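Any read-out appearing in this document is the output of simple, stated calculations on the displayed coordinates, not a laboratory observation. Being a predicted model, the structure only gives us computed values, none of them experimental. In this analysis, Cβ positions are derived from the backbone assuming ideal geometry, glycine residues included, and neighbour counts consider all displayed protein chains.
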Amino acid sequence: MRRLIPTGDAECPVAFAEVPQPLPEPDEVLVKVEAFAPNRGETFLLEHPRPGLLPGKDIAGLIVQAAADGSGPAVGTRVVGHPPQGGWAEYASVPTDSLAVLPDGVDSVRAAALPLAGITALRLLRTAGNLAGRRVLLTGASGGVGHYVTELAVGSGAEVTAVTATPARGERLVELGAQVIHEVAAAQGPFDVVLESTGGSALPAALSKLRPGGLLVWFGQASRTPVTLDFFDLLSGPERATIQHFHYAGAPYGPELAALVRLVEQKRLHPEVGRVSDWADAAQTLVDLRERRIRGKAVLTTGGTR
């Protein structure tokens, strides 16, 4: 089968290789991959790839081999999955507790855009707590996670202010019900909750917008610039503020995937797919994703996508 493997070349970060099909563990199914969605964080791993790196955590396709232990769906079932690695390939092994069945109304392209960003959004909002009637500031909002967070938070009754680099990157967020600004300093606080994913100078600026006793959830550092907090700035800022670190990871992912699929089927969640390309264009798509030239998610298809 064909698989995309890292090259270590910044301008052409992956290339095709012929490799054997994966051998699933007893609690895994073998999926014929129809579409997969790279994540911006994965592009950073490609800059200095570790030996044996097999990227790919967001896939959708058709089960061609059922789990040997009897768990999971049968052969011929369309699924979305979140394997630990190896999804940028014709076939991928996926643990049965980290996939969900796709109904006819949800195609593989939209499904592939769901796993990492969608799971992150669901778990992030659970961490933030009940948002009905609360004011939320979201930084780094124009990526896949930001779109899902915005739609879900607005749908739950929150008043969302989203920070994007440019007006064009914020257009869809406005349609979803957010107020869009282009720098944290322009945010009209105070906010009950800040969801911060940029790092650098954005985090202390966003922290200063919290109400007393508010919550800042730190879930990324997209700027790749370390954060410095000044104790004396905190003293003059919101009293009793809580800063909570967040990372989405931790199987099983199946329940969240099933919830995301259900929301898409019910037209309550709309994946923002900024580019759909054949996986022959993977190298350029990965560069564009790394350089933030794609709004929302990028999805690559392997052929035969439904």
Problem set entry | Protection proxy ranking, peptides 140-150, 80-90, average beta carbon neighbours within 10 Å, highest first | 140-150, 80-90
For this session: Provide the gained length on full extension for the span Ser156 to Asp104, in nm with one decimal, where the gain is 0.36 nm per separating residue minus the Cα-Cα distance.
Result: 16.0 nm
Problem set entry | In nm, spacing of pseudo-spin labels at Asp9 and Leu53 (7 Å Cα→C-beta vector) | 1.6 nm
Exercise. Gly214's amide H: which non-local residues (gap 5+, or another chain) put their own amide H closer than 5 Å, with H modeled 1.01 Å from N in plane and none for Pro or chain starts?
Worked result: Thr242
For this session: Using only the Cα atoms of the chain, each taken as one equal point scatterer with no solvent, compute I(q) by the Debye sum, divide by I(0), and report log10 of the ratio at q = 0.08, 0.13 Å⁻¹.
Result: -0.36, -0.90
Exercise. Once phi is turned into ³J(HN,Hα) by the Karplus curve 6.51 cos²θ - 1.76 cosθ + 1.60 with θ = phi - 60°, what whole-Hz value does each residue of region 279-289 show in order, with x for glycine and proline?
Worked result: 5, 5, 9, 4, 4, 5, 4, 5, 5, 5, 5
Seminar exercise, completed: Percent relative contact order for region 195-252, counting Cα pairs under 8 Å at least six residues apart, stands at 43 percent
Exercise. To the nearest 500 deg cm²/dmol, what mean residue ellipticity at 222 nm is calculated for the chain from DSSP H runs of n ≥ 4 alone, each contributing -39,500 (n - 2.57), summed and divided by the residues?
Worked result: -7000 deg cm²/dmol
Problem set entry | GluC sites (Glu not before Pro) within region 257-296: DSSP coil, no more than 14 neighbouring Cβ in 10 Å | Glu291
Exercise. When the Cα centres of region 78-132 and region 162-221 are compared, how far apart do they sit, in Å?
Worked result: 25 Å
Exercise. Quick one: putting +1 on the C-beta of Lys and Arg, -1 on the C-beta of Asp and Glu, what dipole do you get for region 120-245 around its Cα centre, in Debye to the nearest 20?
Worked result: 240 debye
For this session: Go through 48-55, 198-205 and give me the packing order, highest mean Cβ count within 10 Å leading.
Result: 198-205, 48-55
Seminar exercise, completed: PRE zone check, label point 7 Å out along Cα-to-Cβ of Ala280, amide N under 18 Å, scope region 82-117, hits 89-90
Seminar exercise, completed: Counting only DSSP beta bridges with both partners in the chain, the antiparallel fraction in percent, to the nearest 5, comes to 50 percent
Exercise. Looking at region 120-245, what % of the alpha carbon pairs are farther apart than 19 Å?
Worked result: 40 percent
Problem set entry | Highest to lowest packing among 178-186, 243-251, scored as the average C-beta count within 10 Å | 178-186, 243-251
For this session: Would you work out the charge dipole size for the chain about its Cα centre, treating the Cβ of every Lys and Arg as +1 and the Cβ of every Asp and Glu as -1, and quote it to the nearest 20 debye?
Result: 560 debye
Exercise. Hey, what's the per residue convex hull volume over the C-alpha atoms of region 170-233, in cubic angstrom?
Worked result: 97 Å³
For this session: Could you grab the relative contact order for the chain? Cα pairs under 8 Å, six or more apart, rounded to a whole percent.
Result: 20 percent
Exercise. Pairs Lys32/Lys267; Lys57/Lys267; Lys32/Lys57: which exceed 20 Å Cα-Cα?
Worked result: Lys32/Lys267; Lys57/Lys267
For this session: Could you work out the relative contact order of region 120-245, using alpha carbon pairs under 8 angstrom and six or more residues apart, expressed as a whole percent?
Result: 21 percent
Seminar exercise, completed: Cβ-Cβ cut-off under 11 Å around Glu175, Lys and Arg +1, Asp and Glu -1: the net charge is -2
